[in-house]
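Every number in this text was worked out from the coordinates using simple rules, so none of it is lab data. Treat the numbers as computed from the prediction; the structure is a model and nothing was measured. Using ideal geometry, Cβ is built from the backbone for each residue, glycine included, and neighbour counts are taken over all protein chains shown.
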Amino acid sequence: MAFEDLRRRLTGRVLVPGDEGFEQTARPWALAVSQPVAAVVDAANADDVAAVVSYARRAGIAVAAQPTGHGAAGGLDEAILLRTGQLSKVDVHVERRAARVGAGVNWGQLQAIAGEHGLTGLAGSNPAVGITGYTLGGGFGWFARKYGWASDAVRALDIVDADGVRRTVSADNDPELFWGLRGGGGDFAVVTGLEFDLFPVPALYGGRLVWPGARTREVFDAFQEITAVAPDELSLWFFRVQFPEAPAMVGVDTAFLGGAEEGRELLARLDALGGAVQDTRTVLSPADIGAITAEPTDPAPALSRAEVLTDVGDAVLKTLLDDPVAPLVNIQIRHLGGALSRARQDGGARGPIAEPYLAYLLGLGLPHLADAVRARFAEAAEALGAHTATHKPFTFLAPGESADAAFDDERTVSRLRSLKRARDPQAVIRSNYPVLG
C-alpha cells in the first residue's frame, strides 16, 4: 500500500518501509518492543490527524497514536502509527491555574513554564514522558498522593473521533466519552490536545538518598515506618539498583510539598541510619522533579513489570528485598495511598486504588539478557501472587497484559467496552492496550 492518496491530503510526512527515516520514526521508546507498522504519519497539525483517521476508516486500517512512544506494547502490525509530536503548543493560564497543551507536549516542557509561576501539573517522574498518553492512562507521580490521578485534573480534551471529526469533549457536552478518556486509555478517540488543572507549589523539597546494598533491610524498615504515617504531601519510593559490573545499592527517592525544614523532620528516620553515600535532597522547582530519579530520557531496550501490593509480609520482603537484583537493574516500591485511595465523585474511569504500595521491576531487553529478565518477572509474579491485587495502574501495564488488568471493577471494564463499541465499531483507533482485546 503506497498511501499516495493520504500523502496528498496532509501537510505532515507519510513514511513507509524503505523510506529514509522510517525505522527511526516507527520505533517506540522501549526498544525491546516491535512495531511492524504499515506506515508512520508525522502529523503537522490536528487537521492532519483528522485526515489520517478518515482515510484509515475508509481503508479499513487501524490508527495508533503515539506522541513519544512511551507505553508501546506492540501488536500494531499493518497499522498506521500516528506521531503527534509536532502538536507542541503550551498555554499556561496562571489566574485560572490551568494549562492547555497539544498532544505532543511532554511533562518537562510544561513544568518548565508552570514552575516559573509556582504551579505544577500532576507530572510523573520522567520529564520526557508525553502528557497525553500518561494522562489518558490515569497517571500518577510525585504529587498524586496529595492531588490524585492526573486524569482527574482534566477539564477538556480536543479529539478526533472515529469518524474523523474534530471536536472538544468535556463533562458538559459528552460526559460518557469524557469519563472514558480520563483513565480508560486512548482507545476511543485520538486526542490532539487537552486542558487540565495546575496546582500551587509554595515550596518543594526532595531528592535521593543512597546506601550500600547491605543496608537494604534497615533502609526498607525506615521507609515503611515513614510511609505508615506520612502526610499526603510526602511521597517516598524505595529502590534497589544494580547495574552490570557494579555493586548493589539501596535508596529512597522522595518529594515533599513543603519546606526543607519540615521535610527533613519527616525524613529524620532515614537520616538516623547514617552512612549514606549519596544525598541529593534540596529545595526544588516543579521543573526539577525529573532530577529526583534521573531516569533515562532517551529510548532504551527496557522491560518492566508492575504489581500492586496488598501487604509487605515475609514472602514479599524475600522476593523484593532478599533475592538478588540481577538479572534486573531496578526493583522499586512506591508508596500509594492519600488521594489515590479516595474516590472522586466527578472522577473518570481510573477510580481509586486502595492498596498501600506498588512494586515495579525493571530490566534490560538486550538479546543476552531478555530471557532471564522475563523469567525473573514470572518468578516474582508467582511468588508475590497471594499478596498482589488483581489490578494495576494503566500506565504500568506491560506488553502481553490486557486493559482489563488496569481495573478492579468488572462494571468499569464493561462500560469501557460498551463505549468502544458505540463510538468506534470498526475499531479504527487502537490504543497500546485495546479494551476489546
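Taking Cβ atoms as reference points and 12 Å as the exclusive limit, the residues near residue 386 contribute a net charge of -4, counting Lys and Arg as +1 and Asp and Glu as -1. The slack in the chain from residue 4 to residue 16, taken as 0.36 nm per residue of separation less the alpha-carbon distance, amounts to 3.3 nm.
Each of 289, 131 has some number of other Cβ atoms within 10 Å of its Cβ, and from fewest to most they run 289, 131. Karplus-derived 3J(HN,Hα) values for the range 247-252, using 6.51 cos²θ - 1.76 cosθ + 1.60 with θ = phi - 60°, are x, 6, 10, 9, x, 9 Hz; glycine and proline are entered as x. Under the classification rounded if a/c is under 1.5, otherwise prolate if a/b is larger than b/c and oblate if not, where does the range 90-200 fall, given a ≥ b ≥ c as square roots of the Cα gyration tensor eigenvalues? It comes out prolate by the Cα gyration axes. Return the calculated 222 nm mean residue ellipticity for the chain, to the nearest 500 deg cm²/dmol, obtained by summing -39500 (n - 2.57) across DSSP H runs with n ≥ 4 and dividing by the residue count. About -7000 deg cm²/dmol.
For the chain, the normalised intensity computed at q = 0.09, 0.12 Å⁻¹ comes to -0.55, -1.00 (log10 of I(q)/I(0), Debye sum over alpha carbons, equal scatterers, no solvent). Report note on the peptides 190-197, 430-437, 17-24: ranked by the mean count of other C-beta atoms within 10 Å, highest first, their order is 190-197, 430-437, 17-24. Once a ≥ b ≥ c are taken as the square roots of the eigenvalues of the Cα gyration tensor of the range 312-366, is the result rounded (a/c under 1.5), prolate (a/b larger than b/c) or oblate (a/b not larger than b/c)? Verdict is oblate for the range 312-366. The alpha-carbon of residue 318 sits under 27 angstrom from the alpha-carbons of these lysines, leaving out residues fewer than 8 places away in its chain: 392. For a paramagnetic label modelled on residue 426 (point 7 Å from Cα along Cα→Cβ), amide N atoms under 20 Å away belong, within the range 28-59, to 38-41, 47-59.
Between the range 370-397 and the range 206-283, the C-alpha centres lie 24 angstrom from each other. For the chain, complete DSSP H runs whose alpha carbons reach 15 Å or more along their own long axis and whose mean Kyte-Doolittle score is -0.5 or higher are 46-59, 216-229, 370-384. Between 73, 33, 63, the Cα set farthest toward the positive side of the dipole of the range 4-83 (charges on each charged residue's Cβ, about the Cα centre) is that of 63.
Over all other residues within a Cβ to Cβ distance under 9 Å of residue 42, the charged ones net out to +1, with Lys and Arg as +1 and Asp and Glu as -1.
Springs join every pair of Cα atoms under 10 Å in this Gaussian network model of the chain, and among 67, 127, 296 the largest mean-square fluctuation is at 296. Each residue in 368, 117 was given a count of other beta-carbon atoms within 10 angstrom of its own, and listing them fewest first yields 368, 117.
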